[in-house]
1. Scan the stretch 171-193 and tell me whether some residue there is under 16 Å from residue 75 (Cα atoms) and free of Cβ contacts under 8 Å to residues at least 40 places away in the same chain.
2. Within the stretch 115-126, can you find the residues that are over 12 Å from residue 143 (Cβ atoms), in contact with a Leu (Cβ under 9 Å, 6 or more places away or on another chain) and not β-branched (Val, Ile, Thr)?
3. Suppose we filter the stretch 197-214 for residues that are closer than 17 Å to residue 64 by Cβ and out of contact with any helix residue (DSSP H, G or I) (no Cβ under 7 Å at 6 or more places or on another chain); how many remain?
4. Checking the condition more than 22 Å from residue 64 (Cβ to Cβ), of a type in the set (D, E, K, R) and modelled with pLDDT under 85, which residue from 194, 217, 190 passes?
5. Please find, within the stretch 106-123, the residue that is farthest from residue 83 (Cα to Cα) out of those that are surrounded by fewer than 23 Cβ atoms within 10 Å (Cβ to Cβ) and in contact (Cβ under 8 Å) with a residue 40 or more places away in the chain.
6. Being farther than 14 Å from residue 164 by Cα and open to solvent by less than 20 Å² (accessible area, probe 1.4 Å) narrows it down to one residue among 13, 38, 62; which is it?
7. Just the residues that are touching a residue at least 40 places away in the same chain (Cβ under 8 Å) and among the aromatic types (Phe, Trp, Tyr), please, taken from the stretch 39-90.
8. For the subset of the stretch 198-214 comprising residues that are open to solvent by less than 60 Å² (accessible area, probe 1.4 Å) and either part of a loop (DSSP other than H, G, I, E, B) or hydroxyl-bearing (Ser, Thr, Tyr) (or both), which member is modelled with the lowest pLDDT?
Amino acid sequence: MAKKVTPKLIMAILSAGMLSFLGILDETATTVTFPTLISEFAVTTDQVQWVNTLVLLVIATIVPISSQIGLRFTTKQIFMAGIAFFMAGLLIDIFAQRFDLLLLGRALQGVGTGIGLPLMYNIILTKVPKDKLGFMMGIGTMITAAAVALGPVFGGIVTWRWIFIISSLLALISAFTGSYSIPQLNKLQKVRFKYGQWLAIAVSLVLLMLGFTSLAKQPFWSVQVTGCLGGGLIGLGI
């Protein structure tokens, strides 16, 4: 069958793109609210940065295994799982009374964003005809770029809890439209999930982040810096 850009396909791209949009929007918006978070949760500047750093770490861990996930589960199941993780994180964030719970919610949001980001581009690359591919890739990139531009303004207008409340409403709309429009992208296969390699990626990213974070306060040859950076490089090698 000839590929066509139909309203249903556009709805699917926008529905999947909403996950990445909201993930980046919340990240840039919460950066503006750091002074409020420091005061409300009685944390330091270094600690509050983990509200966004943790999300980026989780995204970087999830994206590399998206291809294996896509071969084992239907595209719609993957999308709904992303929505479920993202919504669970939002609900925890909205009602969080402790900083560790806020971090847990942000980590779950990172899982949802890590699932949604490659899914949007996979839909475009698989279902869009070649003569429209560049245009639709531009639309996908624009969705992400718009979140970066709107985030600081959004965070400056509303309080930090309302950032997550509004995001949850948009995520619900995305879940409704995506459950109808998300197409199946490929035939399912019984692939062996490489747990060891995935764990090595996850551990190496965490160690590298801890190493670079410690570099601001510790000497380069200290255990906190050299040990973490060395362990991270070994993990990447594995």
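The values are calculated or read from the model by the stated rules, or taken from the named source; none is laboratory data. If you're wondering where the values come from, they're calculated on a predicted model, not measured in any experiment. Cβ sites come from the backbone with ideal geometry, for glycine too, and all protein chains shown count toward neighbours. When the accessible area is computed, the model is the full protein with side chains, heavy atoms only, and any ligands, DNA or RNA have been set aside. Shrake-Rupley method; radii C 1.70, N 1.55, O 1.52, S 1.80 Å.
1. Filtering the stretch 171-193 for residues under 16 Å from residue 75 (Cα atoms) gives 174-191.
Add one more test, that the residue is free of Cβ contacts under 8 Å to residues at least 40 places away in the same chain, and what stays is 176, 187.
Looking through the stretch 171-193, at least one residue is under 16 Å from residue 75 (Cα atoms) and free of Cβ contacts under 8 Å to residues at least 40 places away in the same chain.
2. Residues satisfying the conditions are 119, 122, 125.
3. The total comes to 2.
4. On the way: 194 fails: more than 22 Å from residue 64 (Cβ to Cβ); 190 fails: more than 22 Å from residue 64 (Cβ to Cβ).
Answer to the selection: 217.
5. Applying the first criterion (surrounded by fewer than 23 Cβ atoms within 10 Å (Cβ to Cβ)) to the stretch 106-123 yields 107-108, 111, 118, 121-122.
Filter again for in contact (Cβ under 8 Å) with a residue 40 or more places away in the chain, leaving 107, 111, 118, 122.
Values: 107: 14, 111: 9, 118: 14, 122: 17 Å.
Checked the stretch 106-123; the qualifying residue farthest from residue 83 (Cα to Cα) is 122.
6. Values: 38 fails: open to solvent by less than 20 Å² (accessible area, probe 1.4 Å); 62 fails: open to solvent by less than 20 Å² (accessible area, probe 1.4 Å).
Within the list 13, 38, 62, the selection yields 13.
7. Passing the criteria: 41, 50, 73, 79, 86.
8. The initial filter retains those residues of the stretch 198-214 that are open to solvent by less than 60 Å² (accessible area, probe 1.4 Å), namely 200-202, 204-205, 207-208, 211, 214.
Imposing the further condition that a residue be either part of a loop (DSSP other than H, G, I, E, B) or hydroxyl-bearing (Ser, Thr, Tyr) (or both) reduces the set to 204, 214.
Working: 204: 89, 214: 79.
In this case the residue turns out to be 214.
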